[in-house]
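Please read the structure below before turning to the comments.
The values are calculated or read from the model by the stated rules, or taken from the named source; none is laboratory data. Owing to the predicted nature of the structure, the values given are computational and were not obtained by experimental measurement. With ideal geometry, Cβ positions are generated from the backbone for all residues, glycine too; neighbour counts draw on all protein chains shown.
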Amino acid sequence: MLNPGGDDDDGSSDTSSMLTELEPDEFPGHFREHAGRLFHSHGDLPYPLPVDGAEQARLNAQHKILRELLGSLCVAPVDEILTQESNRQKRVLDLCTGTGQWLMDMASRFANVRFSGVDIVPIMTRHPSDNARFEILDVTQPLRWSDGVMDFVHARNVSLAVPNYPEMLHEAARVLRRGGIFFSGEVGRYVAFAPGYPGNPAVDAPGATRFYRVINDLLGRVGLHEVTRSVPRWLQATGAFVDGRIQEHVIPIGEWHTSAREKRLGRAYLDTMITFAESLKPFLREKGGLNEREIADLVRGYERDMRTVRGMVGVYHTVWMTKA
Ligand SMILES: C[S@@+](CC[C@H](N)C(=O)[O-])C[C@H]1O[C@@H](n2cnc3c(N)ncnc32)[C@H](O)[C@@H]1O
C-alpha cells in the first residue's frame, strides 16, 4: 500500500513517500535477483550486499555477537534517555534497521517507548510488537518526521548504505529533540591486531590487507567510504551536538583467544566475516570489474588470513552525542 507522505500520528512531514504496509504481492517489487542472490531493487542506491537469507542470518549473528561483546544493546545511555515521562511517550528511530533484531530487542526492553525502524527492503519481521513499527524508507532522502520528535536515533553498520553520511547526520539532528541522542556503531574495514600480537598488517596478514585495500577502493568509487574515524568529526561539524563518548570495542576473529568466551565469540565472528566476503563477490564482479580468478584469489587470501593469523580482531567503533 503506497502512502505518499503522511503518517497518522507520527508528527510527520510530507517530504518523502513511504510504504506503510506491504501486501504479499508487493514484496517481489523490492528485490532483484542476480548471480543466484537476492538484492534490493532501488535502482540508484549503492548498497552492495545481497539481502537474502544468508545475509539476514549474518546480520542476526552479528547482532548477537555485539550484544554479547558489549553486555548490552547499546553503549549510549539509553536507560537514562528513555526513562518514561508522564506527559509524553518517548520515541526511537533505527536507521537502516535490516532484519530489525536490535529494534525488537529494544522494544521488548522499553515497552513504553515507541520504536520506528526503516529500511529499503522488507526483511524485518512482519509481526512486530505493539510499540514497534517498520517502514520502507530511503535514508538518503529527507526523513519524513517533523523537527524534534525523536529521543534517540540509532545508526548501526550503515556505512555501506549511506554515501553522504554528513547529510544523514543533519537529518538525524533535525528530527532529534533537544537532549536526545544520536548513536553510530560501525565495524572498521581494515586489519587490526590485539595488543601483544604481530602488528604489521601488510606483513602478517597480507591477504586480508589486500582484500580491504581493494574493496575500500572499489566501494569508495560508488561513494561508500570507510567512515569509522570520520563520524565523530562529522558529528561535531554539524554544530548540533555536544558531549558524548567515542569508543573502540575489539572482537576476536577466529579461535586464537585463550578465554572460552572470546573463543566462542571469535568463532562466530569469523563465520560472519567469511559470509561478508562471499556476499561481496557479486559487487566485485559487477561494479568492480574483477574477473572470477581475481575474485577467487582475493577472497582466498582474505579467508586464509582470517582463519589462521593469530591475534586478528575486528574493531567496532561507537560514538554517541547529545543534541544541543
Ligand atoms: C549492513 S545492514 C545493517 C542492518 C542493521 N542496522 C544491523 O545493524 O543489523 C545495512 C542495511 O541498510 C539497508 N539500506 C541500504 N541502503 C539504504 C537506504 N538508502 N535507506 C535505508 N536503508 C538502506 C540495507 O537494506 C540493509 O538492511
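Filtering the stretch 82-97 to residues that are more than 16 Å from the ligand (Cβ to nearest atom) and either modelled with pLDDT under 95 or in a loop (DSSP other than H, G, I, E, B) (or both) leaves LEU82, THR83, GLN84, GLU85, SER86, ASN87, ARG88, GLN89, LYS90. Filtering the stretch 115-141 to residues that are charged (D, E, K, R) and either over 21 Å from LYS90 (Cα atoms) or without any contact (Cβ under 8 Å) to a residue 60 or more places away in the chain (or both) leaves ASP119, ARG126, ASP130, ARG133, ASP138. Note on the stretch 30-60: among residues that are within 10 Å of the ligand (Cβ to nearest atom) and among the hydrophobic types (A, V, I, L, M, F, W, C), the one that is nearest to LEU270 (Cα to Cα) is LEU59.
Out of the residues in the stretch 109-133 meeting the condition of being among the hydrophobic types (A, V, I, L, M, F, W, C) and within 11 Å of the ligand (Cβ to nearest atom), tell me which one is surrounded by the most Cβ atoms within 10 Å (Cβ to Cβ). My answer is MET124. Got a number for residues in the stretch 135-168 being of a type in the set (A, V, I, L, M), in a strand (DSSP E or B) and either more than 21 Å from ILE81 (Cβ to Cβ) or within 11 Å of the ligand (Cβ to nearest atom) (or both)? Residues flagged as of a type in the set (A, V, I, L, M), in a strand (DSSP E or B) and either more than 21 Å from ILE81 (Cβ to Cβ) or within 11 Å of the ligand (Cβ to nearest atom) (or both) within the stretch 135-168 amount to 2. Which numbered condition trips up MET106, out of (1) near the ligand (Cβ under 9 Å from one of its atoms); (2) buried (at least 20 other Cβ atoms within 10 Å of the Cβ); (3) not in a strand (DSSP E or B)? (1) is the only condition that MET106 fails. For the stretch 109-130, filtering for residues that are in contact with a strand residue (DSSP E or B) (Cβ under 9 Å, 6 or more places away or on another chain) and not in a loop (DSSP other than H, G, I, E, B) leaves 6.
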